[in-house]
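S.K.: Below: one structure in structure tokens.
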Amino acid sequence: MELDSTPVVSRIANLGMDSAEVYVVLTSQSALFGDSSLVLSAGEIRDIGWGRYWQLPPVSSLEGDSLTLQISLSYWGLEPDPDTLSEETTITFDLRERTNVFGAITGQHDVSTVPAHIDFYCEGYPDSVWTSVDISAGESYTNGIRPLLAGSNRMVITTPLRYMNEDRSFVTIPGNTDPFDIWLTSSDVILIDDDNGADYQTYIVSSLDQLSLNTRVVTGAPTAEMSLAAVERIVWMTGDDATTTLTTADQTLLTNYLSAGGGLLLTGQNITDDPANEQFLADVLHCQPDRDDTDRPRAYGIGGLPPVDGQFLLLLGSQGAGNQNSPSSLIPLDGGTICFLNDTTDLEMCGVYGVHGLGKFIFLSFGLEAASGMAGSTSRAEFLDIALNAIATDVPDGSPPIPSQLYLEPAYPNPFNSSVEIVWTAPIGALRMSLEVYDVLGRRVAELFQGQSPAGTHRVTWAAADEHGIPVSSGTYFVRLHAPAVTQVRTIRLVR
């Protein structure tokens with residue numbers, strides 16, 4: 001940059017077979033910078049330090065010409081070859097005026113400026129960071145202590161997860177005093193690519209792109225420095241990982257995220273296989289492991305929360321990852337609602353929906369990346385559209401979400417030994433519905449309600465008897481609520 005001071009060193013090498021006497025003249029824009037004479041023996045290399053710094057001139061003094069440094073070299077061999085030879089080398093410099101940039105970085109989730117890390121790049125040097133700065137919340141940004149070059153520049157802004165990272169080009173003009181303010185784009189969904197380096201995230205990203213969502217991808221689990229504040233929805237995928245699917249830090253982060261009102265879609269074929277996850281599954285995701293490998297590459301949607309009744313995910317085909325070698329099954333606990341079955345004949349389950357704190361979640365014990373959308377099955381994008389809407393939360397005052405449609409509450413007590421209370425909430429407008437109990441073989445045991453359900457909360461007690469009043473044996477049962485376009489199931493356990 002203009003007015004910089006820089007040392008100049010010339011390196012001279014005698015690559016001949018004889019000694020040579022050398023005279024070097026250094027000029028800048030036709031002005032003498034220095035001269036020196038020396039004798040170099042054969043093969044000798046010598047650096048000439050000119051003893052002073054070169055003060056680069058103002059750009060305005062060049063009158064549009066480039067700044068050049070010229071080295072003129074005359075040399076002649078000592079006896080017996082006295083012929084004089086001359087060479088000349090010209091070095092051209094990209095000399096520009098110093099400029100600066102400043103402004104405010106803001107976004108919809110922050111009442112003041114947003115904390116960020118900024119890397120600056122200058123035109124002509126796209127692969128080298130010119131300077132970097134870190135700014136805190138409430139601070140305006142600048143380019144720091146190193147000036148920028150006049151002309152085209154670029155900044156790469158690394159933001160909190162609630163925003164998309166930004167890559168902005170701008171032009172700096174010497175003497176400009178106008179700020180360059182930036183409004184950040186909010187992220188619609190965060191994809192946690194926690195698949196141990198595989199490329200399965202590309203299948204999820206392509207589907208999210210079909211939905212025109214602003215997707216921020218995080219490779220590996222988020223670190224403690226990555227705040228999930230104001231992040232509305234997370235898709236967390238673990239791929240083929242079977243031993244470190246969710247670390248203790250991951251579990252703590254997700255628990256706090258859901259408690260604060262976040263929306264989570266968690267998917268992975270080996271999550272229930274990892275013993276380290278059992279307590280987290282029970283306490284937060286309201287389920288427990290069942291079989292490690294169902295050997296069934298399909299999932300059938302059931303229920304109205306989320307509204308996946310009739311959806312069918314095929315985990316085979318060239319349009320998916322093709323990696324499902326051990327899709328697992330699970331058993332919902334109190335607070336967990338079945339949303340996917342591995343098969344329609346034996347009620348083996350592979351998806352659960354629920355609420356933890358102020359947040360909502362969907363957990364799939366298979367890898368969504370394998371869903372191909374082939375053979376008439378539901379595509380990844382179609383399911384993601386349903387799932388992300390189902391886990392979206394909007395609870396600014398901290399109140400629990402109120403169902404806007406028919407909703408089957410968790411049964412209480414559960415497990416039970418004599419009777420259990422079943423509660424459902426119906427929206428405005430009478431709905432015709434049925435409430436039934438099934439055993440693990442899919443046989444109907446009892447009908448608890450059949451008819452029009454007015455708006456409001458309703459309760460019914462099941463005394464653990466079949467339709468003939470005969471007490472049933474201990475075991476697992478399923479309470480099924482069904483209405484047009486709505487099916488929900490709760491798991492209950494009878495212990496006599």
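S.K.: Could you check the range 225-248 and list, in sequence order, the residues that are more than 24 Å from L213 (Cα to Cα), at pLDDT 90 or above and out of contact with any Ser or Thr (no Cβ under 8 Å at 6 or more places or on another chain)? Quick ask: steps written out before the conclusion?
M.R.: Kept after step one, since they are more than 24 Å from L213 (Cα to Cα), are these residues of the range 225-248: 225, 240-248.
Now drop any that are not at pLDDT 90 or above, which leaves 240-241, 245-248.
Within the range 225-248, D240, D241, T247, T248 qualify.
S.K.: Let me ask you something else. Could you go through the range 315-329 and let me know if any residue there is closer than 18 Å to I362 by Cβ, assigned by TED's automatic domain parsing to the domain that holds S372 and in contact with a Gly (Cβ under 7 Å, 6 or more places away or on another chain).
M.R.: yes
S.K.: Restricting to the range 465-495, what's the tally of residues that are in contact with a strand residue (DSSP E or B) (Cβ under 8 Å, 6 or more places away or on another chain) and farther than 17 Å from L441 by Cβ?
M.R.: 12
S.K.: Follow-up. Out of all the residues in the range 199-242, which are in contact with an Asp or Glu (Cβ under 8 Å, 6 or more places away or on another chain), of a type in the set (A, V, I, L, M, F, W, C) and surrounded by fewer than 16 Cβ atoms within 10 Å (Cβ to Cβ)?
M.R.: Of everything in the range 199-242, just one residue is in contact with an Asp or Glu (Cβ under 8 Å, 6 or more places away or on another chain), of a type in the set (A, V, I, L, M, F, W, C) and surrounded by fewer than 16 Cβ atoms within 10 Å (Cβ to Cβ), namely L211.
S.K.: I need the strands (runs of 3 or more DSSP E) fully contained in the range 54-158, keeping only those with at least 1 residues that are among the acidic types (D, E) and exposed (fewer than 12 other Cβ atoms within 10 Å of the Cβ).
M.R.: Where strands (runs of 3 or more DSSP E) fall fully within the range 54-158 and carry at least 1 residues being among the acidic types (D, E) and exposed (fewer than 12 other Cβ atoms within 10 Å of the Cβ), they are 84-93.
S.K.: Take the range 160-196 and flag every residue that is outside any strand (DSSP E or B) and surrounded by 21 or more Cβ atoms within 10 Å (Cβ to Cβ). Break it down into steps so the answer makes sense when it comes.
M.R.: First pass over the range 160-196, keeping only residues outside any strand (DSSP E or B): 160-162, 164-165, 173-181, 184-185, 187-188, 194-196.
Correct list: P160, R162, L184, S187, D194, D195.
The values are calculated or read from the model by the stated rules, or taken from the named source; none is laboratory data. Every value quoted in this text rests on a predicted model; they were computed, and no experiment measured them. No Cβ is skipped: glycine too gets one built from the backbone with ideal geometry, and neighbour counts run over all protein chains shown.
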